[in-house]
Amino acid sequence: MPVSDTIPATDSAARDERPARVATRRRLLMCRPRHYDVTYSINPWMNPERATDNSLALRQWEGLRDLYIELGHTVEEIKPVEDLPDMVFAANGATVVDGKVYGARFRHAERTAEGPAYLRWFQEQGYQDVLWPEFINEGEGDILTVGRRVLAGTGFRTDIRAHAEAQEFFGLPVTSLTLVNPRHYHLDTALSVLSDDEIMYYPEAFTPGSRAVLREMFPDAVLASAEDAAVFGLNAFSDGRHVLLPAAAKGLHTQLRARGFEPIGVELSELLKAGGSVKCCTLELRER
Ligand code: ARG
């Protein structure tokens, strides 16, 4: 089914003043948290001393997967690998645009084996245009597509040279953004794509120069409060109409509703213990 197929609205948005939002069907890749745990710490959210409840993590993850399916999206699953507890964060596994797969190369030794594991999945699925990267980049954690433009994060994980590598590979303009707050170590923890030309973000997570760039490119962006950013409210997934995001990000829910989106609160507390939420668990497979 072509990705541009629209999903019929379930309620009559036509009644109100807000712009009608149209959802498009997406193909998503997810990884069941079968071996999920917090056994090391590579970001400030991770505390290996604190217990994680694996069966709760599984239930919460299944809730997200089921929600995607209910909304009309297709969810593919990659087999989780033992000893790769962070593999549940599929967003980091690659970046896929126009059916082209830009592989991930992880910053930390604990996650390096995930890069080839994800790349193998794409090869097995018959993807032809697959690039094993020269530079460190953590997939859609730091490389976000907004329509025909790409925003790329650096500062903690992704090497800025990967931005040029991605631009050359995809043939799309890439804008570099520098992150400064270790609690927002990936771009997808500080900025979220809402539609082909709209984003929401937390300005304080970026350098002054990057903030200015974002203001220039997206003057009407939704700006997140410190409270909403702190509960990972920006780690969201939007299909153009429905925005799935942490339930606790109340302010963002209100702002999104005011813009005609349908925010849907998701509870992923167990995965937040590793510094991940909705978007981290979701890799979008964009066809041409
Ligand atoms: N524990 C993982 C890490 O620090 C979490 C990754 C979250 N993924 C994301 N797309 N932000 O690498």
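The values are calculated or read from the model by the stated rules, or taken from the named source; none is laboratory data. Note that the coordinates shown come from a computational prediction; the quantities given were computed from them, not determined experimentally. Cβ atoms come from the backbone with ideal geometry, glycine included; neighbour counts cover every protein chain shown. Note: accessible area is taken over every heavy atom of the protein model, side chains too, but ligands, DNA and RNA are not part of it. Shrake-Rupley method; radii C 1.70, N 1.55, O 1.52, S 1.80 Å.
Here are some notes:
- Inclusion of residue 103 among residues that are of a type outside the set (Lys, Arg), within 14 Å of the ligand (Cβ to nearest atom) and within 17 Å of the chain's Cα centre (by Cα) is not warranted.
- For region 253-269, the criterion of a residue being under 18 Å from residue 87 (Cα atoms) and either basic (Lys, Arg) or at pLDDT 95 or above (or both) is satisfied by at least one position.
- For beta carbons closer than 7 Å, sequence separation of 6+ or different chains, a first residue in region 234-250 that is more than 21 Å from residue 181 (Cβ to Cβ) and a second that is among the polar types (S, T, N, Q) and open to solvent by 10 Å² or more (accessible area, probe 1.4 Å), the qualifying pairs are 238/195; 239/24; 240/24; 240/195.
- Contacts under 6 angstrom Cβ, first residue in region 147-167 being touching a residue at least 24 places away in the same chain (Cβ under 8 Å) and open to solvent by less than 20 Å² (accessible area, probe 1.4 Å), partner aromatic (Phe, Trp, Tyr) and not in a strand (DSSP E or B), 6 or more apart: 162/135
- Residue identified as over 26 Å from residue 111 (Cα atoms) and either modelled with pLDDT of 95 or more or under 16 Å from the mean Cα position of the chain (by Cα) (or both) among 142, 159, 197, 188: 197
- Given (1) open to solvent by 30 Å² or more (accessible area, probe 1.4 Å); (2) part of a helix (DSSP H, G or I); (3) more than 11 Å from the ligand (Cβ to nearest atom), number of the condition residue 110 does not satisfy: (3)
- Taken together, 194, 179 contain a single residue that is closer than 13 Å to residue 144 by Cβ, away from the ligand (no atom under 16 Å from the Cβ) and buried (at least 20 other Cβ atoms within 10 Å of the Cβ), which is 194.
- Looking across region 239-283, the residues that are within 14 Å of the ligand (Cβ to nearest atom) and touching an Asp or Glu at 6+ places or on another chain (Cβ under 7 Å) come down to 270, 274, 279, 280, 283.
Every residue, every condition in (1) under 30 Å from residue 134 (Cα atoms); (2) charged (D, E, K, R); (3) modelled with pLDDT of 95 or more, yes or no:
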site	(1), (2), (3)
4	no, no, no
18	no, yes, no
29	yes, no, yes
38	yes, no, yes
48	no, no, yes
63	no, no, yes
71	no, no, yes
86	yes, yes, yes
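- Of the residues making up region 114-129, just one is surrounded by fewer than 16 Cβ atoms within 10 Å (Cβ to Cβ) and within 20 Å of the chain's Cα centre (by Cα), namely 116.
- Residue list for region 44-68, filter: open to solvent by 40 Å² or more (accessible area, probe 1.4 Å) and within 13 Å of the ligand (Cβ to nearest atom): 44, 47, 48
- Meets criteria (open to solvent by less than 10 Å² (accessible area, probe 1.4 Å) and more than 25 Å from residue 287 (Cα to Cα)) for residue 88: no
- Criterion violated by residue 77 - all others in (1) more than 17 Å from the chain's Cα centre (by Cα); (2) within 22 Å of residue 122 (Cβ to Cβ) satisfied: (1)
- First in region 42-56 and part of a loop (DSSP other than H, G, I, E, B) and of a type in the set (Asp, Glu), second anywhere and modelled with pLDDT of 95 or more and surrounded by 12 or more Cβ atoms within 10 Å (Cβ to Cβ), Cβ under 8 Å, 6 or more apart: 53/270
- In region 23-43, the residues that are hydroxyl-bearing (Ser, Thr, Tyr) and open to solvent by 60 Å² or more (accessible area, probe 1.4 Å): 39, 41
- Residue 147 fulfils the conditions (1) more than 15 Å from the ligand (Cβ to nearest atom); (2) on the phi < 0 side of the Ramachandran plot except for a single criterion, (2).
- Of all the residues in region 69-80, those that are touching a Cys at 6+ places or on another chain (Cβ under 9 Å) and either without any contact (Cβ under 8 Å) to a residue 24 or more places away in the chain or open to solvent by 40 Å² or more (accessible area, probe 1.4 Å) (or both) number 2.
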